[in-house]
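Report on one structure; see the data block that follows.
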Amino acid sequence: MTELRQRTVREEAPPEDKELESEAKIDGETASDSESRAEAAPPPAPIDDTPEVLNRALSNLSSRWKNWWVRGILTLAMIAFFFIIIYLGPMVLMMIVMCVQIKCFHEIITIGYNVYHSYDLPWFRTLSWYFLLCVNYFFYGETVTDYFFTLVQREEPLRILSKYHRFISFTLYLTGFCMFVLSLVKKHYRLQFYMFGWTHVTLLIVVTQSHLVIHNLFEGMIWFIVPISCVICNDIMAYMFGFFFGRTPLIKLSPKKTWEGFIGGFFATVVFGLLLSYVMSGYRCFVCPVEYNNDTNSFTVDCEPSDLFRLQEYNIPGVLQSIVGWKTVRMYPFQIHSIALSTFASLIGPFGGFFASGFKRAFKIKDFANTIPGHGGIMDRFDCQYLMATFVNVYIASFIRGPNPSKLIQQFLTLRPDQQLHIFNTLKTHLTDKGILTSALEDE
């Protein structure tokens, strides 16, 4: 009887409800089928992407030692490439960061296409790259306006773009949003929204973090090189300690990670950070911020180093004096900050790698790509760097950066004469009330 009543109710349902129900059923089946296919698909067989030269040279070794040598040789090659781009200067570094960002975005988006079988979705590959372009235009436009204000104000096209930058950025994004809505297809609603969310989360993780890397670089190359080097050092030393002494598993997401590697990497990274900071703090090309020189029409890295990069004498605590035999030590204040950077790189930074490991396990893949033999994709090498970039940016804003008089003067000079005069009179009154202006005139 109950069954008959339910059947009658379904038959009496309005045609609109039936249509919506059938659409939901079709769409639900499509998405669930896609998800079940993704879950049921076996993990792809690992591809041996090792160069043939290394394969022949290491053919007599066991797979464990062969992997060790392959990773070691290619790690040295990447470190050598890192030194070369540092030598070429900050502008080349910015271009490399941009290229890394695009490659990381490509790797993550490609995983989404493969997992959800979404290559046939209309416009979506185009829209993914369009949103990447929009977000980069917004972030890099903000950076150029902020750090190269004089250059922007001098060139009429740049001045107009700077004035309406946020409106243009919003218009570009809104165009992409409307294109996405117009591309929605009846049988793929849920799948399309999956990929829309996937794209935006990828933009948040990749583009935002790379933007912070650029900001750190503008504060001085030392704020770019030391954090990245600390992450690289921790990755290498944790692998070395784990390879030779590892016995105790650290986390289930990464079965090869061990406590011995984690702890050994921490101490090695702190010592490395102190030594690298000491060496780099003595060179102006590393400690000075990147600025635009109006006279030479070029970007310069030259300044009078701040107190942060001048040797100072510190008293050693009494407990340690009996151990080291010294009462004082001369070091750069930046070295103290480097302890915080290296500690984060070795204790918290690896969680970026654990997050990436969980992501890859969720979708049953070994690496993000096969770009670097023995190392995986570019994202596999930069999973910890993005987390580190955010920390460094927050650290600089919280403990290092103060008011910037040059930027304030640049903005002051762009005001109308009456506005400049008002600010001048207000500042004069303020300094006179404090007795600073009067005493300065008396000294003259």
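The values are calculated or read from the model by the stated rules, or taken from the named source; none is laboratory data. Every value quoted in this text rests on a predicted model; they were computed, and no experiment measured them. All Cβ positions, even for glycine, are placed from backbone atoms using ideal geometry, and neighbour counts span all protein chains on display. What goes into the accessible areas is simple: the full protein's heavy atoms, side chains included, and nothing from ligands, DNA or RNA. Shrake-Rupley method; radii C 1.70, N 1.55, O 1.52, S 1.80 Å.
Just a few scattered comments:
- All told, Leu347 falls short of being among the aliphatic types (A, V, I, L, M), over 28 Å from the mean Cα position of the chain (by Cα) and open to solvent by 40 Å² or more (accessible area, probe 1.4 Å).
- Residue within the range 254-262 that is touching a residue at least 60 places away in the same chain (Cβ under 8 Å), in contact with a Gly (Cβ under 9 Å, 6 or more places away or on another chain) and open to solvent by less than 70 Å² (accessible area, probe 1.4 Å) present: yes
- Only one of the numbered conditions (1) open to solvent by less than 70 Å² (accessible area, probe 1.4 Å); (2) at pLDDT 90 or above is violated by Glu313, and that is (1).
- Condition check for Leu250 on (1) farther than 28 Å from Ser281 by Cα; (2) assigned to a helix (DSSP H, G or I): one failure, at (2).
- Flag for Tyr239 being under 16 Å from Arg381 (Cβ atoms), touching a residue at least 40 places away in the same chain (Cβ under 8 Å) and of a type outside the set (A, V, I, L, M, F, W, C): yes
- Among the residues listed as Leu203, Leu172, Leu161, the single one being touching a Cys at 6+ places or on another chain (Cβ under 6 Å) and either in a helix (DSSP H, G or I) or not charged (D, E, K, R) (or both): Leu172
- Here Val290 meets the list (1) over 19 Å from Met388 (Cβ atoms); (2) touching a residue at least 60 places away in the same chain (Cβ under 8 Å); (3) open to solvent by 70 Å² or more (accessible area, probe 1.4 Å); (4) not polar (S, T, N, Q) almost entirely, failing just condition (3).
- Scanning the range 329-339 turns up no residue that is at pLDDT below 85 and either assigned to a helix (DSSP H, G or I) or exposed (fewer than 15 other Cβ atoms within 10 Å of the Cβ) (or both).
- Test: residue in the range 175-187 that is touching a Ser or Thr at 6+ places or on another chain (Cβ under 7 Å) and surrounded by 19 or more Cβ atoms within 10 Å (Cβ to Cβ): no
- Number of the exception - Thr143 against (1) in contact (Cβ under 8 Å) with a residue 12 or more places away in the chain; (2) open to solvent by 30 Å² or more (accessible area, probe 1.4 Å): (2)
- For the condition among the aliphatic types (A, V, I, L, M), more than 20 Å from Ile205 (Cα to Cα) and in contact with an Asp or Glu (Cβ under 8 Å, 6 or more places away or on another chain), Val329 qualifies.
- Considered as a group, the residues in the range 115-140 that are open to solvent by 60 Å² or more (accessible area, probe 1.4 Å) and on the phi < 0 side of the Ramachandran plot include one that is modelled with the lowest pLDDT, and that residue is Tyr119.
- Neighbours by Cβ (under 7 Å, 6+ apart or cross-chain): first from the range 269-284, aromatic (Phe, Trp, Tyr); second open to solvent by 10 Å² or more (accessible area, probe 1.4 Å) and part of a helix (DSSP H, G or I): Phe272/Cys233; Tyr278/Gln335
- Within the range 96-114, the residues that satisfy the criterion of being open to solvent by 20 Å² or more (accessible area, probe 1.4 Å) and over 14 Å from the mean Cα position of the chain (by Cα) are His106, Thr110, Asn114.
- Selection status of Arg190, over 16 Å from the mean Cα position of the chain (by Cα) and not in a helix (DSSP H, G or I): no
- None of Phe391, Phe368 is aromatic (Phe, Trp, Tyr) and assigned to a loop (DSSP other than H, G, I, E, B) except Phe368.
- Restricting Ile372, Ile436, Ile396, Ile400 to those that are modelled with pLDDT under 85, of a type in the set (A, V, I, L, M, F, W, C) and surrounded by 14 or more Cβ atoms within 10 Å (Cβ to Cβ) reduces the list to Ile372.
- Residues that are more than 24 Å from the chain's Cα centre (by Cα) and open to solvent by 60 Å² or more (accessible area, probe 1.4 Å), drawn from the range 265-287: Phe267, Val271, Leu275, Tyr278, Val279, Tyr283, Arg284
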